[in-house]
Ligand code: LFR
């Protein structure tokens, strides 16, 4: 079979990538065609994404990906994944009728408190998604309540990956995995929850029945260089892509950890995990690319470290500088106490260092002396958060997990991997794997018929993959 080329557009909250995948002789090779910074911006009291900039970078990345192809080769397909929850409102002609807010905008705080006071358990039973500030449900409820005329203007709600698929192909569709981050999907079916839509006063006509990953939406119409290239709906949610890319053992004994801005700790399951304890532990029953469940909890992740760099103006610029920081952090004194990473003060602080120092002061703990000290404190604290999620899942499901598989930016961070293994008491296996991009490409290759199914993809991927095991100490 000739080599198949596909591109993954993979947008994270702090950076975006366009990655060219080449599938040949059952092996996937990745080339980073383009990487660019991403950030939310404040306008007055609110927080927004720069959607136009993201689209501009996507186009630049796709052009670079095409330029990187060997002579005569064609790009077979593209797929888009992004962080969850965020969305745009459009009319039938595809015009934006409302700006794209970022999920860290504090506009949902009042709705969060109101749902916590009344209705959270009913919504959890219906959607399998806990009451968290970033949910699309709370965001759309706020939009409709504060700007009621929007219901006259908007006819469609697309999540960000759906919107970029639309810009690429002209086809509007809601994809299941990203829809499942909204708290508006029925936990027992692949369709929308009437109960949740009514509760939040959201017009049901804004959504169409979600499509499964692998659906061929159309061809690229936006860029002449990509004429003929297919636009395939991949798992639109980056975490669903990362989970799809896990070279998991088929026996189900692996716990998954996708470590980036957020740490997503969970596993795959044929059934959702529901009930009072699951709701309290904030288990989110999001969907997999194939339509199954991936019960997971969202523990604060490397956002703490990404943000504290701003306070030190010495952000490591290369892998080597990162390695040097981690080495220094390993040598820093062990923290006397760890951070409570669930502190709401860490959600979107003006200064992460000030927020951390304030918590330490309240608990009469000394603040670290330098960036290495903070790095140590943060990594150990996130590690303990991971371990807490593991034991909560074991309690709730009666399962005993044998390993933690770790992908994403954090899998390169020795301190975090070891800290997680130590706190959880089971080995952490880290893969040097761009999980989100690989899962995105996997679904394209399956849709194109180049790979039989996900189990096959995982087996082939695992065979060629470097891994490092951290035994608990
Ligand atoms: C990770 C992620 C998480 C989601 C958070 C907000 O990038 O997609 O899964 O909970 O961002 O959307």
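Quick rundown of the values:
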{"item": "Residue within the range 262-283 that is within 15 Å of the ligand (Cβ to nearest atom) and closer than 30 Å to residue 74 by Cα present", "result": "no"}
{"item": "Residue in the range 159-175 that is under 25 Å from residue 11 (Cβ atoms), free of Cβ contacts under 8 Å to residues at least 40 places away in the same chain, surrounded by 23 or more Cβ atoms within 10 Å (Cβ to Cβ) and outside the structural domain of residue 285 (by TED's automatic domain parsing) present", "result": "yes"}
{"item": "Sole exception among (1) in contact (Cβ under 8 Å) with a residue 12 or more places away in the chain; (2) over 24 Å from residue 158 (Cα atoms) for residue 44, by number", "result": "(1)"}
{"item": "Qualifying positions in the range 58-104 - within 22 Å of the chain's Cα centre (by Cα), part of a helix (DSSP H, G or I) and surrounded by fewer than 24 Cβ atoms within 10 Å (Cβ to Cβ)", "result": "59"}
{"item": "Hey, residue 290 more than 16 Å from the ligand (Cβ to nearest atom) and not assigned by TED's automatic domain parsing to the domain that holds residue 129 or not", "result": "yes"}
{"item": "Residue match in the range 292-301 (condition: modelled with pLDDT of 95 or more, more than 21 Å from residue 377 (Cα to Cα) and loosely packed, with under 14 Cβ neighbours inside 10 Å)", "result": "yes"}
{"item": "Positions within the range 125-141 being within 16 Å of the ligand (Cβ to nearest atom) and assigned to a helix (DSSP H, G or I), in sequence order", "result": "127, 136, 137, 138, 139, 140"}
{"item": "Boolean, residue 328 is farther than 23 Å from residue 108 by Cβ, more than 16 Å from the ligand (Cβ to nearest atom) and either touching a strand residue (DSSP E or B) at 6+ places or on another chain (Cβ under 9 Å) or at pLDDT 90 or above (or both)", "result": "yes"}
{"item": "Meets criteria (on the phi > 0 side of the Ramachandran plot, outside the structural domain of residue 127 (by TED's automatic domain parsing) and at pLDDT below 95) for residue 313", "result": "yes"}
{"item": "Selection from the range 215-228 of residues that are touching a residue at least 24 places away in the same chain (Cβ under 8 Å) and either farther than 14 Å from residue 171 by Cα or within 13 Å of the ligand (Cβ to nearest atom) (or both)", "result": "223, 225, 226, 228"}
{"item": "Pairs where the first residue, in the range 89-106, is over 19 Å from residue 40 (Cα atoms) and the second is within 16 Å of the ligand (Cβ to nearest atom) and at pLDDT 95 or above, C-beta under 7 Å, 6+ apart", "result": "90/158"}
{"item": "Residues being buried (at least 21 other Cβ atoms within 10 Å of the Cβ) and over 18 Å from residue 301 (Cβ atoms) - total across the range 249-271", "result": "0"}
{"item": "Test result for residue 279, surrounded by 14 or more Cβ atoms within 10 Å (Cβ to Cβ) and touching a residue at least 60 places away in the same chain (Cβ under 8 Å)", "result": "yes"}
{"item": "Enumeration of residues in the range 237-251 that are within 16 Å of the ligand (Cβ to nearest atom) and in a loop (DSSP other than H, G, I, E, B)", "result": "245, 246"}
{"item": "Wholly enclosed helices (runs of 4 or more DSSP H) of the range 152-236 bearing at least 3 residues over 21 Å from residue 445 (Cα atoms) and in contact with a helix residue (DSSP H, G or I) (Cβ under 7 Å, 6 or more places away or on another chain)", "result": "194-199"}
{"item": "Residue within the range 284-307 that is more than 21 Å from the chain's Cα centre (by Cα) and closer than 28 Å to residue 243 by Cα present", "result": "no"}
{"item": "Those residues of the range 339-360 which are in a loop (DSSP other than H, G, I, E, B) and either surrounded by 18 or more Cβ atoms within 10 Å (Cβ to Cβ) or modelled with pLDDT under 95 (or both), in sequence order", "result": "339, 340, 341, 342, 343, 347, 348, 349, 350"}
{"item": "Per-region count, the range 286-306, residues farther than 19 Å from residue 388 by Cβ and in a strand (DSSP E or B)", "result": "3"}
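The values are calculated or read from the model by the stated rules, or taken from the named source; none is laboratory data. This one's a predicted model, so the numbers in the text were calculated from it and none came from an experiment. Backbone-built Cβ (ideal geometry, glycine too); neighbour counts: all protein chains shown.
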